[in-house]
Structures are given as C-alpha cells and as structure tokens.
Amino acid sequence: MGYYLSFGSAGSHEVALALRHAILQKHYGPEYQLQKEWEVCGLPEYIVTDRAKEFKSAHLRHIASDLGIKLRYRLYTEQGGMVERLFLELKTEFAALILGFKGGSLKERPEDAEKYACIVFEDYDRKLVRHFVDHHNQHLYPRVENQTRLMRWKAGLLGGQPKMPASERELDLCLMKSTKRNVEERGCVNFKKLVYTASLRRDEDGHWRYDKKANFLKDYEGKQVLIRYNPTNIVYILVYTVETDGQPSKLLGTIRARDLEEERLSLKEWEERKAQIRREGKEIDQSSILAQQRDLYKSSIEQAKTLKATRKKENNRITKKSEHSDKVVQLFPPNNSSSDSPLPSVTI
C-alpha cells in the first residue's frame, strides 16, 4: 500500500510517513515509467504489527486515535509471514538485481560489490515504485487462485471504494515534527539553515515575488509556532499554532524557502549540500549556500523596479503640458506683410 525509503533507522516518525503514503492517492510522473497505476490507497480499519518499539510509541497511538484506526499486535510469530515474505521478495527479486547489492550476510555478498555500484537514491526510489506497482501488486495472491494482489484488495473493499480522509490536512499529524520556531520580521522562520517566508506570491510569469499582503504570519511575529514537514521535500513546510491550555494546534498555512528556485528538495539532498560546504572549509550560512539564487532574485526585483521607473518617467514626459502652450507668436509682423492674405501663426 505504501512505503518510506530512508538511510535512517526505523522510528515512529518513519512509520507514520509510510502510513501517510499508504493512505494517500499516489500519482507519479513519466520518469517512473509505470505501466500500471498505483490504485491501492485508503484508511485501514486495523493495523497489525509486531511489538517493536516504533509500533508501541505514543506518537503512533495518537495518529491511530485521530484517524480511527485500531492498532493490534500479532499473537504469534507466524502471523508475520506475509510481511516477511515481502522482505524476502524485495531482497531476491529486486535488490539483488541492482549492481552494488551486498546481500544480507557475508555468505551472500558478491565479490567487489562496491566496485560495480552505480545507482543513486532517486533512481533506487523510482525502481522500487515500479517494482511495487508493475510487479508485486500484479502477482497472484498466494492464498487464492486466479486473483492478483490488486484484485484481492479491491474484493475486500466495502462498497467497492476505499475509505479516504476528508482532506490531506487530516494526515498532517503523520508528518515529522520539528522543534518550535520563533516567527521573525516579515513572517520569516529559520529552519535547517534555510529562511522560510509567508510573504511570497507567484507573479504573472510564474516567478516567486515578495508580497507583504500574502503574509499570514504578520500577527505572529515574535511568537512561537509549530512546523511540520515532509523530509522528501523541504521546500515547503506547514505552520501550526502551538498547543496551549489543552487546545489543539491549528493550521495557519504553508511557507516556502525564500531563496530556493527549485520546487522539490529532499532533506537528505540539503544535508549533502551543507556537508559539501563543510568539507570546503566554509561557514554554513545563507550567503555561502544560496548566493546565486539570492543574486538572481535581487537582480530580477531591481530590474523590475528600474523598468517601472523608466516607463513612468517616459509617460510623464509624453503627457506633460508645456509651459508655453498658450502663447501665440506670429512669424511675420503685420506692418512687414507684402500681401493681404492672413498671416500664419505657430503655437509653441
């Protein structure tokens, strides 16, 4: 139904992210080269797990309570056979076919596995999605004849449709939470060495521009807020009020990294950028990390202001009324006229 891929060890937040991915409808671009659609989604009625600490956390119990999901622990080891079969399949039918696979033990490890490794995190993620969608879900269900796993899932739906949350906002609790942050001047929030702001709006050309009217954090300057984010994309983060006097936090809105031009940047990629700067012996700050993006942003603003001022000045020059427009000067005085015809005049 869903997954979460990470270099970190499993914890309650990682389980929550996997659950969020499983519940939501999933849409992937052409770069994934999928032949089928990932149709499986929806809120489960039960979640059956073992007794690992990440499944016994208060965080996961809180999520299950809010979403109306019942948590159950398996009674005996054999009940986990279906999950263990999936792990074995991933190792033998997927990971083992990728160059650089090290195996689960020294006996399984190919010679010079590191020498032939040639895949990055994003490519591995795309291949894993394709394995789940085009391979695993299309295989026959082992306990029922002539029925694939996808067909088995559809057959178990009440009313033929999955139960979905009213909106994606109901699943914000599944997002990883950070510490509280202070709202600074102009609705800015510092997080992971990035400056996020609520005072941005897209212009007619689709570029992000400063707009103080879009600042929904104006009334919270100097106060603390709670932020939640998805580690697969930290360009945008969600801002909530802090829980006070037993009142639940309330969503205020979404803020964007001020100096990032791209629309997607994972936390892992951002940490790699900072590590590269450390290796070069530079101080990690906004100027050293995002100088190019900030210069482009500032130059575009300055060019827009210069163009606007030039147009205004030219418009004033064209429409300005001359101080001598009411004075009429005759080219030839009447006493010097050599004919009786009326003399021409010029308005200056």
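Points to keep in mind about this one:
- Residue among ASP172, ASP211 that is surrounded by 13 or more Cβ atoms within 10 Å (Cβ to Cβ), closer than 30 Å to LEU5 by Cα and acidic (Asp, Glu): ASP172
- Residue within the stretch 176-190 that is assigned to a strand (DSSP E or B), modelled with pLDDT under 85, of a type in the set (A, V, I, L, M) and touching a His at 6+ places or on another chain (Cβ under 9 Å) present: yes
- Against the conditions (1) within 23 Å of SER6 (Cα to Cα); (2) hydrophobic (A, V, I, L, M, F, W, C); (3) touching a residue at least 60 places away in the same chain (Cβ under 8 Å), VAL235 satisfies every one except (3).
- Filter result for ILE234 (β-branched (Val, Ile, Thr), farther than 19 Å from CYS174 by Cβ, touching a Phe, Trp or Tyr at 6+ places or on another chain (Cβ under 8 Å) and in a strand (DSSP E or B)): no
- Of the candidates LYS212, LYS223, the single residue that is modelled with pLDDT of 90 or more and of a type in the set (Lys, Arg) is LYS223.
- When GLY246 is tested against (1) more than 17 Å from GLU168 (Cβ to Cβ); (2) modelled with pLDDT under 85; (3) surrounded by 14 or more Cβ atoms within 10 Å (Cβ to Cβ); (4) among the small types (Gly, Ala, Ser), only condition (3) is not met.
- Any chance VAL15 is of a type in the set (Val, Ile, Thr), under 25 Å from SER266 (Cβ atoms) and in a helix (DSSP H, G or I): yes
- Any chance ARG130 is in contact (Cβ under 8 Å) with a residue 24 or more places away in the chain, on the phi > 0 side of the Ramachandran plot and in a helix (DSSP H, G or I): no
- Contact map, the stretch 18-33: first residue under 16 Å from PRO162 (Cα atoms) and at pLDDT 90 or above, second residue among the acidic types (Asp, Glu) and in a helix (DSSP H, G or I), Cβ cut-off under 8 Å, separation 6 or more or different chains; pairs are LEU24/GLU168.
- Screening the stretch 26-72 for residues that are surrounded by 13 or more Cβ atoms within 10 Å (Cβ to Cβ) and hydroxyl-bearing (Ser, Thr, Tyr) and picking the one that is farthest from ASN137 (Cα to Cα) gives SER57.
- Members of the stretch 135-163 that are surrounded by 13 or more Cβ atoms within 10 Å (Cβ to Cβ) and of a type in the set (S, T, N, Q): ASN137, GLN138, GLN147, THR148
- All conditions but one from (1) part of a loop (DSSP other than H, G, I, E, B); (2) not assigned by TED's automatic domain parsing to the domain that holds LYS36 apply to TYR196; the one that does not is (1).
- Matching residues in the stretch 44-80 - criterion: being of a type in the set (Lys, Arg) and touching a strand residue (DSSP E or B) at 6+ places or on another chain (Cβ under 7 Å): ARG51, ARG61, LYS70, ARG72, ARG74
- Listed by first and then second residue, the pairs linking a residue in the stretch 208-221 that is outside the structural domain of ASN190 (by TED's automatic domain parsing) to a residue that is outside any helix (DSSP H, G or I) and of a type in the set (Gly, Ala, Ser), with Cβ atoms under 7 Å apart and 6 or more places separating them unless they lie on different chains, form an empty list.
- Condition check for VAL83: closer than 27 Å to HIS131 by Cα, surrounded by fewer than 16 Cβ atoms within 10 Å (Cβ to Cβ) and either assigned by TED's automatic domain parsing to the domain that holds HIS135 or in contact (Cβ under 8 Å) with a residue 12 or more places away in the chain (or both): yes
- The residue that is farthest from SER167 (Cα to Cα), among those in the stretch 252-270 that are of a type in the set (A, V, I, L, M) and under 15 Å from the mean Cα position of the chain (by Cα), is LEU260.
- The one condition in (1) within 14 Å of the chain's Cα centre (by Cα); (2) without any contact (Cβ under 8 Å) to a residue 60 or more places away in the chain that SER249 fails to fulfil: (1)
The values are calculated or read from the model by the stated rules, or taken from the named source; none is laboratory data. The model shown is predicted, which means the values in this text are computed figures rather than measured ones. Counting neighbours? That spans all protein chains shown, and the Cβs are built from the backbone with ideal geometry, glycine included.
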